[in-house]
Every structure is written in structure tokens, then in C-alpha cells.
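Just so it is clear, none of the values below were taken in a lab; they were calculated from the coordinates. This structure is a prediction, so every number in the text was calculated from the model and none was measured. Backbone-built Cβ (ideal geometry, glycine too); neighbour counts: all protein chains shown.
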Ligand code: PGA
């Protein structure tokens, strides 16, 4: 299944939901609220163990994603999850290279393979990048460029439009304040420039999301004035009302 090119809001539940009942209640609430949504695709990324319980709630507006996949398709890899498993559970995308995984040792090489595996399996990779801090000399820009070129090194020009890039400054993730929309716009332009340098100007551009301390109050401005295609949301995706507030505000954008 492929998500079309509307605005995209992804909720990453991380490791915060602890019963099937709670997972279903949350997804059902979001599904109900999604009925009024017109221009926005919604993706929920629960922990793997809830995927099969939630697949019956997938709709034309509400999709399922996962928080990670393994970098090989099959073999003797105890405890890993192949991307091949996912289509049968109606999973349409996979977060790859989230900073919380990078912080625990996930390498750029492994991330690049995961992005390639996802594309092979027709699962949309949500490839995460972001700097830990900013410096006056703009070295963070070179850092972002490097993350892009390493993570996308196995993606062909024909495939690049199928990738979603989630830009998440690490200092904003889990923090109190999101990056301002002006800075989001700058980064979105910079990411597009890097992709064009890597793949040429004729390719389809990947969609670009912003993530880090997104709330219902800042969502609309970030997407509208930051010129991004959507949002990757952590904490605020864990409460139906808050997550729907974000989605509704993004959906209002013309
Ligand atoms: P946050 O997390 O929305 O809780 O800041 C964002 C993320 O980790 O993607």
C-alpha cells in the first residue's frame, strides 16, 4: 500500500502503550476523528506487538506504520523483524533511523540498508535525520548533508520520490519548544537542495516532515510557514484529543 501525496501526520507511540485495550482505544478514537479529515493522511506507529490487533482499523485516511525494521530480508537473525512481514498486516510505512535508535548505536550503514529494504518491499521509509546542536559556523548543515547522503546512498533516482524525510532536531525532541517555522523552512529548503545535488533536479522530491515538540498549538504554523509536508509526533500522539488537534489544524491548511 502506498500513501498518496497529501499532508502527512505520523504518530510514534514509542514504548508507551502497555495493553491491547489501550492501543485499540487510542486508534479507534483517532479513526473516529479522522472521518472529518480531508487533506491529511494519518499514520500510527505502535509497538510491533499491537500491529495485528490494529490492522482492522486501517482505512483510506488512517494507516499503520512501524518504529523500526531490520536491514536484511530473511535469515538467521534472532529477534529481528523483516520488512517482508509487514504488508500482510497492512503496514504502509516504517520509521528508520530515529535519533533514539541512532543514540543506541544504529549506524548510517544499517540505516541506508533499512531504507533500501523498505523500498524493495513497497513500504514507505520515514528516514529520520537531525542535528544534536547548532553552531555559529553552520557545521550542522554539513552534518545534515552527510546524514542524507549516507542514509540515502542505496536509493535510486527513480525511488527518491517514494522516501519521506523526517527532519527532527534532537534538541527539540522530547523538549518543551519546537523549532520556529522560519528555521523549519530554512531546513526544508536545505534538504531539498541536498537531494537535488545528490539526485539531480529532475527527480520527484521526497516529502519532508518536521518532528520535535509538535503540539496542536504549533502544528499549523510549522507546516504552513515552515513549508513542510507534515509532522512526526511523539508525546502528543498518545492522547486522542491532542493528536486530533494536531491533525485538524494541519488539515485546515489549503
Ligand atoms: P516529541 O517526539 O513529539 O515527543 O518531541 C518527536 C519524535 O521523537 O519523533
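Can you give me the relative contact order of the chain as a percent, contacts being Cα pairs under 8 Å and 6 or more apart? Walk me through the numbers on the way to the answer.
Values: 484 pairs, mean separation 53.2, N = 254.
Over the chain, the number comes to 21 percent.
In Å, what is the Rg of the alpha-carbon atoms in segment 1-86, and how long is Dmax?
When restricted to the Cα atoms of segment 1-86, Rg and Dmax are 13.9, 45 Å.
I'd like the antiparallel share, as a percent to the nearest 5, of DSSP beta bridges with both residues in the chain.
Working: 0 of 31 bridges.
Within the chain, antiparallel bridges account for around 0 percent of the total.
Normalising by the residue count of segment 1-65, find the relative contact order in percent from Cα pairs under 8 Å and 6+ residues apart. Write down the numbers at each step before the final one.
Numbers: 76 pairs, mean separation 26.9, N = 65.
Across segment 1-65, relative contact order equals 41 percent.
Top mean-square fluctuation among 17, 173, 95, Gaussian network model of the chain, C-alpha springs under 10 Å?
Answer for the Gaussian network model of the chain: 17.
If I take R0 = 22 Å and measure r between the Cβ atoms of residue 81 and residue 153 in this structure, what FRET efficiency does the formula 1/(1 + (r/R0)^6) give, to the nearest 0.05? Mind dumping the intermediate values first?
Working: r = 23 Å, r/R0 = 1.03.
Efficiency at R0 = 22 Å is approximately 0.45.
Taking neighbour Cβ counts within 10 Å as the exposure measure, how do 251, 53 sort from fewest upward?
Numbers: 251 21, 53 15.
Placing the least packed residue first, the sequence is 53, 251.
For the chain, max minus min Cα coordinate along each principal axis, in Å, sorted largest first?
That gives 49, 46, 34 Å along the principal axes, largest extent first.
Based on the Cα gyration tensor of segment 1-144, what are the three equivalent ellipsoid semi-axes, each the root of five times an eigenvalue, rounded to whole Å and given largest first? All intermediate terms of the calculation are to be shown ahead of the outcome.
Details: eigenvalues 138, 80, 45 Å².
So the three semi-axes of segment 1-144 are 26, 20, 15 Å.
Label residue 135 and residue 88 with points 7 Å out from Cα along Cα→Cβ: what is the distance between them in nm?
Those two pseudo-labels are separated by 4.9 nm.
Need one word for segment 60-114: rounded, prolate or oblate. Basis is the Cα gyration tensor (sqrt eigenvalues a ≥ b ≥ c); a/c below 1.5 gives rounded, then a/b vs b/c decides.
Details: a/c = 2.43, a/b = 1.31, b/c = 1.86.
Verdict is oblate for segment 60-114.
Could you line up 185, 98, 137 from fewest to most neighbouring Cβ atoms inside 10 Å?
On the way: 185 16, 98 26, 137 8.
Ordered from fewest to most neighbouring Cβ atoms within 10 Å, 185, 98, 137 come out as 137, 185, 98.
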